[in-house]
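The values are calculated or read from the model by the stated rules, or taken from the named source; none is laboratory data. No experiment lies behind these values; they were computed from the predicted model shown. Every residue, glycine among them, receives a Cβ derived from its backbone with ideal geometry; neighbour counts consider all protein chains shown.
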């Protein structure tokens, strides 16, 4: 079975089921994923084949678990036994493994993890699963539910434009077939910024697509991106104001905040290097986050779980509004040197830098910026905040956990 390159935060217990390969749009300046890959639709037969493979892997895990006296429980020793017993598929792990065998181990791990958590949640990969013809997607969902009756939640990425193009009846049929959630990259409600970032969608399509999705019964998680207007104050204010406006019209189930990281592999990075795009500061993005929290008028879950954000917040709005604002107010009330220490700890000791190191991307330039930031903090110099932010952005250039 196939696995795509990514899934969203919160889908760690889900089966990854690839219904298409890569992204049918693939032009957003801030996104490095899929950029050198061609979009390909997967057939109903291919997807059904992967569902069958997941069933066979599950049956194998179950059989070995019983043989080991674990009564059907899937634990790490069961996975190790499967790998050991099938060297032709999985190789001599971990030292003698081909690329194909590594991918097979990755699929095995995903299915095993899914069985550990009760085979309840499925995420449809890759980008924009709603691009699949509605009839085909309904057939895939029906086969999935027939093969695994325990499945109660199916989630997917979707584009606003595709949601807007689908009829209300098609979306209701998808909901009835089992599609539970769509994760939609709204990013901004400002047409100028959407155009600049090549999102391929307008404000009115965000609203139309989001409202149709919510009316169908499919829950919507809207991803928004503080900082997408860059360091230009006018754009920053318009980006925030227009984003709040469309969110209040759509009223999605969740609002997920993913503050901008200018990633080295993304087209936006080249524009930043040329000086065409001015990167926002963390303080600016905190200000935009505060405005979002203040401006949302509907009931929703609000979260900032991605590590590009200065804070990790999660809870209901408006119920947790005051608590969130107090957290931000305490940060904004700090002296610059205190904010510098806060940001340094956030990005260098909060797990972000460890992730970059695990990828082998902590090059000499990044290490140098971190050393400069450390020295400025030790000496409490007047430019400490500036140097820490420079180091933080250099960390974010390398990737997103």
- Task: Can you tell me which residue among 209, 178 is surrounded by 19 or more Cβ atoms within 10 Å (Cβ to Cβ) and either farther than 22 Å from residue 40 by Cβ or touching a strand residue (DSSP E or B) at 6+ places or on another chain (Cβ under 9 Å) (or both)?
- Result: 209
- Message: Checking residue 40 against (1) surrounded by fewer than 14 Cβ atoms within 10 Å (Cβ to Cβ); (2) at pLDDT below 95; (3) farther than 30 Å from residue 225 by Cβ, only one condition comes out false. Which one?
- Response: (3)
- Note on the structure: Among the residues of the stretch 222-262, the number that are touching a strand residue (DSSP E or B) at 6+ places or on another chain (Cβ under 9 Å), surrounded by fewer than 22 Cβ atoms within 10 Å (Cβ to Cβ) and either part of a strand (DSSP E or B) or modelled with pLDDT under 95 (or both) is 2
- Message: Only one of 385, 343 is touching a residue at least 60 places away in the same chain (Cβ under 8 Å) and within 27 Å of residue 314 (Cα to Cα). Can you tell me which?
- Response: 343
- Checked 57, 51 against criteria (in contact (Cβ under 8 Å) with a residue 24 or more places away in the chain and closer than 14 Å to residue 124 by Cα); the one match is 51
- Restricting the search to the stretch 59-71, which residues are in contact with a helix residue (DSSP H, G or I) (Cβ under 9 Å, 6 or more places away or on another chain) and surrounded by 12 or more Cβ atoms within 10 Å (Cβ to Cβ)? 60, 61, 62, 64, 65, 68, 70
- May I ask you to verify whether residue 325 is part of a helix (DSSP H, G or I), more than 20 Å from residue 395 (Cα to Cα) and out of contact with any strand residue (DSSP E or B) (no Cβ under 9 Å at 6 or more places or on another chain)? yes
